[in-house]
Amino acid sequence: MKKMTTFCVLAGLLLLTACAERPMGGPNDPALVRGIIDGLFAPISFVLSLFSDTVRMYAFPNIGRWYDFGFLIGLSAWGGGASTVTRYVYIDRRSGRTLDVEQR
């Protein structure tokens, strides 16, 4: 019985979210480039938004998926994105020497 109640509540919430509407942005609203800029400033904006009600880290309304994509690109610059380089170092068990990939 408890599983059925949980299922009905989740199904009802899913139906309610299907009715939610988001206003589409206009031609002068933020798009890809502004999303990249906002993504770059997101960690700083987050800290400032904790102390101020006028600072937001995400522009709303915006163009939509292009702004979201730009925001993710800008935010990934803080974590290194895909440009993180990994260097593998191997240790020989017999001699205890450190071997680079080229020496292996």
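Read-outs throughout are calculated quantities, based only on the coordinates presented, and are distinct from any laboratory measurement. Quick caveat, the model's predicted, so the values are computed rather than measured. As a convention, Cβ positions derive from the backbone with ideal geometry for all residues, glycine included, and neighbour counts pool all protein chains shown.
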- Message: Using a 7 Å offset from the Cα along the Cα-to-Cβ direction at both ALA11 and THR98, what is the distance between the two label points in nm, to one decimal?
- Response: 6.1 nm
- Rank the residues TYR90, TYR58, TYR67 as a footprinting-exposure proxy: fewest other Cβ atoms within 10 Å of their Cβ go first. TYR90, TYR58, TYR67
